[in-house]
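Single-structure report; data block below.
The values are calculated or read from the model by the stated rules, or taken from the named source; none is laboratory data. What you see is a predicted model, and the numbers here were worked out from it, not measured in a lab. Cβ placement follows ideal geometry from the backbone for every residue including glycine, while neighbour counts extend to all protein chains displayed. Quick note on the areas: whole protein, heavy atoms, side chains included, nothing else; ligands and nucleic acids left out. Shrake-Rupley method; radii C 1.70, N 1.55, O 1.52, S 1.80 Å.
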Amino acid sequence: RTNQLVFPHRLEEDLDSTTSHLLYLRLGNFVCRQALVNLLLTGKASPNVFNGTLVFGEDGRPLERPLQGVLSRSDVGYLHWSREQMERGRLPQVGSRLKTPRYPVWLCCINGSFSVLFSLNRSLLSDWRTEHLFQLHYLNGQEPQRTTTKLTVDTHSHHWEMSRGPSDGDPEKRFPSLEMTIRTKWDGAAVDWSGTAPFY
(Lines give C-alpha, C1' and ligand atoms only; values in the text may rest on other atoms or scores of the structure.)
Protein backbone atom coordinates (compact mmCIF):
# COMPACT_ATOMS: atom_id res chain seq x y z
CA ARG A 1 0.00 0.00 0.00
CA THR A 2 1.11 3.51 -0.67
CA ASN A 3 -0.02 6.88 0.63
CA GLN A 4 0.54 8.43 -2.79
CA LEU A 5 -2.28 8.67 -5.30
CA VAL A 6 -1.08 7.57 -8.72
CA PHE A 7 -2.64 9.76 -11.43
CA PRO A 8 -3.60 8.43 -14.83
CA HIS A 9 -1.21 9.65 -17.52
CA ARG A 10 -3.71 12.16 -19.01
CA LEU A 11 -4.35 13.71 -15.60
CA GLU A 12 -0.62 14.18 -15.03
CA GLU A 13 -0.42 16.02 -18.35
CA ASP A 14 -3.14 18.45 -17.25
CA LEU A 15 -1.29 19.49 -14.10
CA ASP A 16 1.68 21.86 -14.05
CA SER A 17 4.46 22.82 -11.66
CA THR A 18 2.04 24.72 -9.40
CA THR A 19 -0.11 21.69 -8.53
CA SER A 20 0.78 18.10 -7.70
CA HIS A 21 -2.32 17.09 -5.70
CA LEU A 22 -6.05 17.53 -6.29
CA LEU A 23 -6.88 17.77 -2.58
CA TYR A 24 -5.12 19.21 0.43
CA LEU A 25 -5.72 19.00 4.16
CA ARG A 26 -6.71 22.16 6.05
CA LEU A 27 -7.93 22.22 9.66
CA GLY A 28 -8.71 18.50 9.50
CA ASN A 29 -10.79 18.75 6.31
CA PHE A 30 -9.93 17.92 2.73
CA VAL A 31 -10.18 20.95 0.43
CA CYS A 32 -10.27 20.77 -3.37
CA ARG A 33 -7.64 22.52 -5.37
CA GLN A 34 -8.61 24.51 -8.46
CA ALA A 35 -7.43 21.61 -10.64
CA LEU A 36 -10.15 19.36 -9.20
CA VAL A 37 -12.82 22.04 -9.65
CA ASN A 38 -11.73 22.49 -13.29
CA LEU A 39 -11.68 18.71 -13.80
CA LEU A 40 -15.32 18.51 -12.66
CA LEU A 41 -16.36 21.50 -14.81
CA THR A 42 -14.35 20.98 -18.00
CA GLY A 43 -13.03 17.41 -17.95
CA LYS A 44 -9.43 18.64 -17.70
CA ALA A 45 -7.55 19.15 -14.44
CA SER A 46 -5.97 22.47 -15.40
CA PRO A 47 -4.73 24.16 -12.20
CA ASN A 48 -5.49 27.73 -13.29
CA VAL A 49 -8.59 29.74 -14.22
CA PHE A 50 -7.18 31.87 -17.06
CA ASN A 51 -7.76 31.04 -20.74
CA GLY A 52 -5.23 28.89 -22.59
CA THR A 53 -1.64 28.17 -21.66
CA LEU A 54 0.73 30.72 -20.14
CA VAL A 55 4.16 30.41 -21.73
CA PHE A 56 5.75 33.66 -20.54
CA GLY A 57 6.09 35.01 -17.01
CA GLU A 58 5.25 38.52 -15.78
CA ASP A 59 8.79 39.61 -16.61
CA GLY A 60 8.34 38.55 -20.26
CA ARG A 61 10.73 35.63 -20.00
CA PRO A 62 9.70 32.14 -21.09
CA LEU A 63 8.58 29.93 -18.22
CA GLU A 64 10.57 26.78 -17.55
CA ARG A 65 7.28 24.86 -17.66
CA PRO A 66 4.12 26.42 -19.14
CA LEU A 67 1.17 27.02 -16.82
CA GLN A 68 -2.02 25.25 -17.84
CA GLY A 69 -5.28 27.21 -18.01
CA VAL A 70 -8.75 26.44 -19.35
CA LEU A 71 -8.79 25.38 -23.00
CA SER A 72 -12.52 25.34 -23.81
CA ARG A 73 -15.95 26.44 -22.62
CA SER A 74 -17.87 24.10 -20.37
CA ASP A 75 -21.56 23.53 -19.75
CA VAL A 76 -21.34 25.07 -16.26
CA GLY A 77 -19.24 28.14 -15.53
CA TYR A 78 -17.17 29.33 -12.62
CA LEU A 79 -16.87 32.64 -10.76
CA HIS A 80 -14.43 33.46 -7.99
CA TRP A 81 -14.19 36.16 -5.35
CA SER A 82 -12.12 36.37 -2.20
CA ARG A 83 -12.01 39.54 -0.15
CA GLU A 84 -8.73 38.44 1.43
CA GLN A 85 -7.09 37.74 -1.94
CA MET A 86 -8.42 41.04 -3.29
CA GLU A 87 -6.92 42.98 -0.39
CA ARG A 88 -3.58 41.27 -1.00
CA GLY A 89 -3.76 41.94 -4.75
CA ARG A 90 -3.79 38.20 -5.49
CA LEU A 91 -7.32 37.65 -6.77
CA PRO A 92 -7.10 35.23 -9.73
CA GLN A 93 -8.62 36.57 -12.94
CA VAL A 94 -11.11 34.00 -14.22
CA GLY A 95 -10.99 33.77 -18.01
CA SER A 96 -13.94 34.15 -20.37
CA ARG A 97 -14.10 30.39 -21.03
CA LEU A 98 -15.19 29.79 -17.43
CA LYS A 99 -17.18 33.01 -17.09
CA THR A 100 -19.24 32.28 -20.23
CA PRO A 101 -20.45 28.66 -20.10
CA ARG A 102 -22.92 27.06 -22.50
CA TYR A 103 -25.69 27.28 -19.91
CA PRO A 104 -26.30 30.21 -17.50
CA VAL A 105 -25.17 28.27 -14.43
CA TRP A 106 -22.07 29.16 -12.40
CA LEU A 107 -20.33 27.38 -9.58
CA CYS A 108 -19.13 30.21 -7.32
CA CYS A 109 -16.26 30.16 -4.87
CA ILE A 110 -16.88 33.13 -2.58
CA ASN A 111 -14.46 33.67 0.29
CA GLY A 112 -13.60 29.97 0.23
CA SER A 113 -17.20 28.65 0.23
CA PHE A 114 -18.95 27.11 -2.77
CA SER A 115 -22.42 28.09 -3.97
CA VAL A 116 -24.47 28.19 -7.17
CA LEU A 117 -25.69 31.13 -9.25
CA PHE A 118 -28.04 30.52 -12.18
CA SER A 119 -30.55 32.10 -14.56
CA LEU A 120 -33.78 30.56 -15.84
CA ASN A 121 -33.29 32.45 -19.13
CA ARG A 122 -31.15 30.24 -21.39
CA SER A 123 -30.62 33.08 -23.87
CA LEU A 124 -28.77 35.15 -21.24
CA LEU A 125 -25.39 34.10 -22.67
CA SER A 126 -26.36 34.06 -26.34
CA ASP A 127 -28.23 37.37 -26.77
CA TRP A 128 -26.41 40.47 -25.52
CA ARG A 129 -29.72 42.37 -25.24
CA THR A 130 -30.81 40.12 -22.37
CA GLU A 131 -27.76 41.21 -20.35
CA HIS A 132 -29.08 44.74 -19.76
CA LEU A 133 -31.56 43.75 -17.05
CA PHE A 134 -31.99 40.15 -15.89
CA GLN A 135 -32.58 37.93 -12.90
CA LEU A 136 -30.21 35.48 -11.24
CA HIS A 137 -30.99 32.94 -8.55
CA TYR A 138 -28.51 32.16 -5.81
CA LEU A 139 -28.21 29.19 -3.45
CA ASN A 140 -25.39 28.59 -1.00
CA GLY A 141 -26.69 25.37 0.56
CA GLN A 142 -26.25 26.68 4.11
CA GLU A 143 -28.93 26.00 6.71
CA PRO A 144 -30.31 29.58 7.02
CA GLN A 145 -30.99 29.79 3.26
CA ARG A 146 -33.83 27.35 2.60
CA THR A 147 -34.81 28.72 -0.82
CA THR A 148 -32.99 30.44 -3.65
CA THR A 149 -32.51 34.18 -3.44
CA LYS A 150 -33.67 36.14 -6.48
CA LEU A 151 -31.38 38.94 -7.61
CA THR A 152 -32.05 41.53 -10.30
CA VAL A 153 -28.92 42.59 -12.15
CA ASP A 154 -28.83 45.90 -14.04
CA THR A 155 -25.72 46.31 -16.21
CA HIS A 156 -26.74 49.78 -17.43
CA SER A 157 -27.01 51.29 -13.97
CA HIS A 158 -23.86 53.30 -13.44
CA HIS A 159 -22.07 54.37 -10.27
CA TRP A 160 -22.99 51.27 -8.28
CA GLU A 161 -20.28 52.33 -5.83
CA MET A 162 -22.55 55.17 -4.73
CA SER A 163 -25.67 53.01 -4.42
CA ARG A 164 -24.94 52.52 -0.75
CA GLY A 165 -23.84 55.40 1.38
CA PRO A 166 -20.61 55.39 3.34
CA SER A 167 -22.61 53.97 6.31
CA ASP A 168 -20.15 52.79 8.93
CA GLY A 169 -17.24 52.56 6.52
CA ASP A 170 -17.22 48.74 6.53
CA PRO A 171 -16.62 47.77 2.87
CA GLU A 172 -18.18 44.32 3.41
CA LYS A 173 -21.48 45.96 4.38
CA ARG A 174 -21.30 48.41 1.49
CA PHE A 175 -20.32 45.81 -1.11
CA PRO A 176 -21.38 42.24 -0.23
CA SER A 177 -19.07 39.56 -1.61
CA LEU A 178 -21.84 38.02 -3.73
CA GLU A 179 -22.30 41.34 -5.54
CA MET A 180 -18.55 41.60 -6.08
CA THR A 181 -18.57 38.05 -7.48
CA ILE A 182 -21.32 38.98 -9.95
CA ARG A 183 -19.32 42.04 -11.01
CA THR A 184 -16.37 39.84 -12.01
CA LYS A 185 -18.65 38.71 -14.86
CA TRP A 186 -20.77 41.85 -15.39
CA ASP A 187 -18.45 44.73 -14.59
CA GLY A 188 -20.14 47.68 -12.88
CA ALA A 189 -23.54 45.98 -12.54
CA ALA A 190 -26.01 47.11 -9.89
CA VAL A 191 -27.61 44.28 -7.91
CA ASP A 192 -31.10 44.47 -6.37
CA TRP A 193 -31.68 41.82 -3.69
CA SER A 194 -35.49 41.92 -4.13
CA GLY A 195 -36.16 42.60 -0.46
CA THR A 196 -33.73 39.99 0.89
CA ALA A 197 -31.12 41.25 3.35
CA PRO A 198 -27.75 41.08 1.56
CA PHE A 199 -25.43 38.31 2.69
CA TYR A 200 -22.26 39.61 4.35
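Which of the residues belonging to the stretch 86-106 are surrounded by 19 or more Cβ atoms within 10 Å (Cβ to Cβ) and of a type outside the set (Lys, Arg)?
Kept after step one, since they are surrounded by 19 or more Cβ atoms within 10 Å (Cβ to Cβ), are these residues of the stretch 86-106: 94, 97-99, 101, 104, 106.
Hits for the stretch 86-106 are 94, 98, 101, 104, 106.
Of a type in the set (Gly, Ala, Ser), open to solvent by less than 50 Å² (accessible area, probe 1.4 Å) and modelled with pLDDT under 85: which single residue out of 157, 167 fits that description? Before the answer, list the steps.
On the way: 167 fails: open to solvent by less than 50 Å² (accessible area, probe 1.4 Å).
Among 157, 167, only 157 is of a type in the set (Gly, Ala, Ser), open to solvent by less than 50 Å² (accessible area, probe 1.4 Å) and modelled with pLDDT under 85.
In the stretch 70-85, what count of residues is obtained for those that are open to solvent by less than 40 Å² (accessible area, probe 1.4 Å), assigned to a loop (DSSP other than H, G, I, E, B) and among the aliphatic types (A, V, I, L, M)?
Step one: list which residues in the stretch 70-85 are open to solvent by less than 40 Å² (accessible area, probe 1.4 Å), which gives 70, 74, 77-82.
Of the ones still in play, those that are also assigned to a loop (DSSP other than H, G, I, E, B) are 74, 82.
Filter once more, keeping what is among the aliphatic types (A, V, I, L, M): none.
Final tally of qualifying residues: 0.
Does residue 83 meet the test of being closer than 27 Å to residue 176 by Cβ and within 14 Å of the chain's Cα centre (by Cα)?
yes
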For this session: Could you tell me which residue of the stretch 86-99 is nearest to residue 183 (Cα to Cα), considering only residues that are free of Cβ contacts under 8 Å to residues at least 40 places away in the same chain and part of a loop (DSSP other than H, G, I, E, B)?
Result: 91
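Hey, among the residues in the stretch 42-64 that are polar (S, T, N, Q) and in a loop (DSSP other than H, G, I, E, B), which one's surrounded by the fewest Cβ atoms within 10 Å (Cβ to Cβ)?
Keep residues of the stretch 42-64 that are polar (S, T, N, Q), which gives 42, 46, 48, 51, 53.
Next, from what is left, pick out any that are in a loop (DSSP other than H, G, I, E, B): 46, 48.
Values: 46: 25, 48: 22.
Out of the qualifying residues, it is 48.
Given the residues 117, 67, which is the only one that is open to solvent by less than 60 Å² (accessible area, probe 1.4 Å) and touching a residue at least 60 places away in the same chain (Cβ under 8 Å)?
Values: 67 fails: touching a residue at least 60 places away in the same chain (Cβ under 8 Å).
Residue meeting the stated conditions: 117.
Among the residues in the stretch 136-147, are any modelled with pLDDT of 90 or more, closer than 27 Å to residue 37 by Cβ, among the basic types (Lys, Arg) and open to solvent by 50 Å² or more (accessible area, probe 1.4 Å)? Step through it out loud before you land on a result.
Kept after step one, since they are modelled with pLDDT of 90 or more, are these residues of the stretch 136-147: 136-139.
Now narrow it down to the ones that are closer than 27 Å to residue 37 by Cβ: 136-139.
Still in the running and among the basic types (Lys, Arg): none.
The answer is no, given that none of the residues of the stretch 136-147 is modelled with pLDDT of 90 or more, closer than 27 Å to residue 37 by Cβ, among the basic types (Lys, Arg) and open to solvent by 50 Å² or more (accessible area, probe 1.4 Å).
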